[in-house]
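Trainee: Below: one structure in structure tokens.
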């Protein structure tokens, strides 16, 4: 009897693993469905996101087309709707046939009406239909209108004239460069003509480069191309030298030779042979007029101060860098911590007898060797107003001008070495030369208003 009972227990024990495996199988079967549904939802959701991305690109393209078509006086709402659908068909192929496209206009009588294009579709599910979820609705929209580029004496505020240099325009380290309502131009045909390296950032209205751009992901543009992407233009035509016809005023002799001071002083216009050096703690002012730096260096050291002043209702200085001997060419160094506040003469100042050049603050002789260093690194205490025209120089710039300040920066090459704000705003009184796209006639499509 005992043997029989033992045999039954042994058999029962042997069957126990089989019973456990059966329970696990049941539990697994019960959990498989939600796992499958979660996986299916992820797959179908990923497909929907991908489809929405493609739809958004297409709806942006359709918006640009509709807004541009709205400029024609013969354009009707039905034509704009057909144009939107045609754009979708070209961008998406067969999928476009399932789209429901609508075009909404804010004011049909306005030449700059705002238009919104909306597209909706239903994407069939691949796995979630097991749970009777057969489709996922997708809706995308985009809006836009025609805008004029901001007015001013010229849309360009930074220009590198070198035709072949690597890093002809260079924004490096952790520099933050912001160009307010103006454009940057680079004539170099090199594949790395404009480079934004390290953690630096560059913000401009548009970027126009004859060659290529490195670090485009670190560039922000405040206007867009017609297709809605950043207004970064490579392969652009070279920009002319806007001051090519300006010549150096005649001068004779030397009014000062090897000028250097560590005391407070007041300078008057004249010829400074051997440069100007302003040492730490010195406070120096410049009376209105024309200053010729004939050889030597122009240096303002840290903690020193240099500013132009108004005398008898006349303001503004022009500083010319040249060499009567074709040697010992002048360079410029503004060191960090120096306080610099210089403005160029206006037309009104010239009319009152100022002998400077209208709107030009710095003028570099075109005969100087290419690549001489001009380091304008005064930083947050540096304010320069007017045109910085140094066509053969390697310009290094770090200056925190105000948003309303007027500045053009032109060099053979230009390197931003620190946080810098440059604006073309408020330039009307300085009559600066235009370069780049004419701001008074150019329009662009602004999306996502």
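What follows draws every value from the coordinates through simple rules; no lab data is involved. Only a predicted model underlies this, so the values are computations on that prediction, with no experimental measurement involved. All Cβ positions, even for glycine, are placed from backbone atoms using ideal geometry, and neighbour counts span all protein chains on display.
Trainee: Going by the alpha-carbon gyration tensor, a ≥ b ≥ c the square roots of its eigenvalues, is region 360-437 rounded (a/c under 1.5) or, if a/c is not under 1.5, prolate (a/b greater than b/c) versus oblate?
Mentor: Cα axes put region 360-437 in the oblate bin.
Trainee: Per residue and in cubic angstrom, what volume does the convex hull of the Cα atoms of region 243-433 have?
Mentor: 103 Å³
Trainee: Measure out, as a whole number of angstrom, how far apart the alpha-carbon centroids of region 237-271 and region 191-210 sit.
Mentor: Region 237-271 and region 191-210 have Cα centres separated by 31 Å.
Trainee: Gain in length, residue 199 to residue 252, computed as 0.36 nm per residue apart minus the alpha-carbon separation, to one decimal in nm?
Mentor: Taking 0.36 nm per residue and subtracting the Cα distance, the gain is 14.2 nm.
Trainee: Now for a separate question. Please say if region 286-399 is rounded, prolate or oblate, where rounded means a/c under 1.5 for a ≥ b ≥ c the square roots of the C-alpha gyration tensor eigenvalues, and otherwise the choice is prolate for a/b larger than b/c and oblate otherwise?
Mentor: Taking the square roots of the gyration eigenvalues as a ≥ b ≥ c, region 286-399 is oblate.
Trainee: With a 10 Å radius around each residue's Cβ, average the other Cβ atoms per peptide and rank 183-190, 330-337, highest first.
Mentor: Those peptides, ordered most packed to least, come out 183-190, 330-337.
Trainee: Still on this structure: Once you sort the root eigenvalues of the Cα gyration tensor of region 152-222 as a ≥ b ≥ c, which label holds: rounded (a/c under 1.5), prolate (a/b larger than b/c) or oblate (the other case)?
Mentor: Oblate is the answer for region 152-222, as a/c is 1.5 or above yet b/c matches or exceeds a/b.
Trainee: I want to check the label-to-label distance for residue 50 and residue 341. Put each point 7 Å from Cα in the C-beta direction and report it in nm to one decimal.
Mentor: 6.1 nm
Trainee: Assuming R0 = 60 Å, what is the FRET efficiency of residue 82 and residue 380, from their Cβ-Cβ distance, to the nearest 0.05?
Mentor: 0.60
Trainee: Another question about this same structure. Restricting the calculation to Cα positions, tell me the Rg (one decimal) and the Dmax (whole number) of region 218-277 in Å.
Mentor: 22.7, 59
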